[in-house]
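Below is one structure, written out as structure tokens, with a few remarks after it.
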Amino acid sequence: MPSLADTARAKINLTLRITGRRADGYHELESLVVFAGIADTLTLEPAAHTSLDITGPFAGAIDAAADNLVLKAFNALAALVPGLKGGRFRLDKHIPVAGGVGGGSADAAAALRLLARLNDLSFDDARLMTAALRTGADVPVCFVSRACVMTGVGERLSPPLHLPELAALLVNPRVGVATRDVFAALGKAGLPNDGRALGDIPHDAGGLIEFLKSHGNDLTAPAIVCAPVIGDVLEALEAMPGVRLARMSGSGATCFALFATAAEAKAAESRLATRHPEWWAAATVLNRAP
């Protein structure tokens, strides 16, 4: 059987509201999630032994050890599907690592989709989503890879939302932020209590951006405590000509800015590359059909 390939798109949290903390220590959340054109590529060549090789611009930031989420996803599904066939995974890594845009989760989700194809499993097979959640909280939403509202610890997903395309600039200061550290800083500061439930979400670009201004990311302040450079990134994005909204995604450190046009986002990328060549920046489009 020839090699199979899948695209692992970066996840962007347009909003993120912490709604409480469970007895087991995990936090409940509500987040409007979309996906970007920036992506990793994962291929799977059927073989008797399952392994992982990594290439690409961010390959040096991760390794192919057994705790890599691609192999973790394989092991989670193998525990549920007797005789699961695997093989040689090859990951071309373009999404920043530990960046709040679900790079590892997207890779794990792509691995599950490839394994489903290799083993003739329907994408509706409940074992796939069980394995996704066992692999990581963001893996279920990345498995669907469609705009939706994510709640619980990440296991509850709304039906896919038909949202407009949004021109965006993603920026990562090449600083990894551990999610556990951000939540620890959140715990010290106390849970926010002024967030509003999302409610009805506009389906036009202008209305959506105005809506987003009233629904932020509760993890921004604690993430800046962990990595003050995030504040510098947000300040730089807010100063860009034509910017409509600047915000951090997930638990950081990747931030994004929204623009009216792709040309404005590309111009902002060029401007930022001149002023901060040490940062990673990429113009993209959110919500574009894969």
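Every read-out reported here was derived from the displayed coordinates using simple, explicitly stated rules and does not represent laboratory data. Since we're looking at a predicted model, the values are computed, not measured. Cβ coordinates were reconstructed from backbone atoms using ideal geometry, including for glycine residues, and neighbour counts include every protein chain displayed.
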- Gyration tensor verdict on the stretch 166-286 (Cα atoms; rounded if a/c is under 1.5, prolate if a/b is larger than b/c, oblate otherwise): oblate
- Indicate the gyration tensor shape class of the stretch 121-160 (rounded, prolate or oblate), computed on the Cα atoms with a ≥ b ≥ c the square roots of the eigenvalues: a/c under 1.5 is rounded; otherwise a/b larger than b/c is prolate and the rest oblate. oblate
- Please identify which residues in the stretch 254-290 have an amide N closer than 12 Å to a label point set 7 Å out from the Cα of ARG174, following the Cα→Cβ vector. 276-281
- Note on the structure: Of the candidates ALA36, ASN119, ASN68, the farthest towards the positive dipole end of the stretch 32-147 (Lys/Arg Cβ +1, Asp/Glu Cβ -1, centred on the Cα centre) is ASN119
- Query: Cα-Cα pairs above 29 Å in the chain: how many percent?
  - Reply: 32 percent
- Message: I need the calculated FRET efficiency for the pair THR55 and TYR26, taking r as the beta carbon distance and R₀ as 35 Å, to the nearest 0.05.
- Response: 0.55
- Task: With label points built 7 Å along Cα→Cβ from the Cα atoms of SER270 and LEU4, find their separation and express it in nm.
- Result: 4.2 nm
- Note on the structure: Where a ≥ b ≥ c are root eigenvalues of the Cα gyration tensor, a/c under 1.5 meaning rounded, otherwise prolate if a/b exceeds b/c and oblate otherwise, the stretch 78-155 counts as oblate
